[in-house]
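Step one of this worksheet: look at the structure below.
The values are calculated or read from the model by the stated rules, or taken from the named source; none is laboratory data. All values reported here derive from a predicted model rather than from experimental measurement. Cβ coordinates were reconstructed from backbone atoms using ideal geometry, including for glycine residues, and neighbour counts include every protein chain displayed.
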Amino acid sequence: MALVVHPANIQDRDGGRLVIERLGTGFRRLRLIYADGGYAGKFVDWVCGWHFRSVVIVKRRESHRFVVLPKRWIVERTFAWFGKYRRLSKDYETLTECSECMIQIAMINLMIHRLSPG
């Protein structure tokens, strides 16, 4: 699992680099990355230097109505699942390593309940 929790003083592009570096060559089948508009620019060029074929930047549309952005709902849904866990609902953890562990525990719990509901 490639999970990186970083402090708020690190920009998204730099945090994205941490994720890609942690992935390394362990996920050879991963070829496409969907990224937020905050990752546009040098990050896209840097990622394409790795084994990924392309990075798709999902940009907001200028609209005064609610518009579902492609693939964005997957990330937002996952964050909503994290919000159901008390320790992940707020920033209680002082160390980023503890936050990473709590997210892994939450996802393990979610997968266990999906494998054997009840």
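A few points about this structure:
- Residues in the stretch 54-102 that are under 19 Å from Ala8 (Cβ atoms), touching a helix residue (DSSP H, G or I) at 6+ places or on another chain (Cβ under 6 Å) and assigned to a loop (DSSP other than H, G, I, E, B): Glu93 alone.
- Glu76 being within 12 Å of the chain's Cα centre (by Cα) and within 30 Å of Thr94 (Cβ to Cβ): yes
- Scanning the stretch 1-44 for residues that are at pLDDT below 80, over 16 Å from the mean Cα position of the chain (by Cα) and among the charged types (D, E, K, R) gives Arg28, Arg29.
Matching residues to (1) surrounded by 11 or more Cβ atoms within 10 Å (Cβ to Cβ); (2) of a type in the set (A, V, I, L, M):
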residue	(1), (2)
Leu32	no, yes
Ala35	yes, yes
Tyr39	yes, no
Phe66	no, no
Arg77	no, no
Leu110	yes, yes
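- Scope the stretch 48-68; condition at pLDDT 75 or above and either within 17 Å of Ile20 (Cα to Cα) or touching a strand residue (DSSP E or B) at 6+ places or on another chain (Cβ under 7 Å) (or both); matching residues: Cys48, Ser54, Val55, Val56, Ile57, Val58
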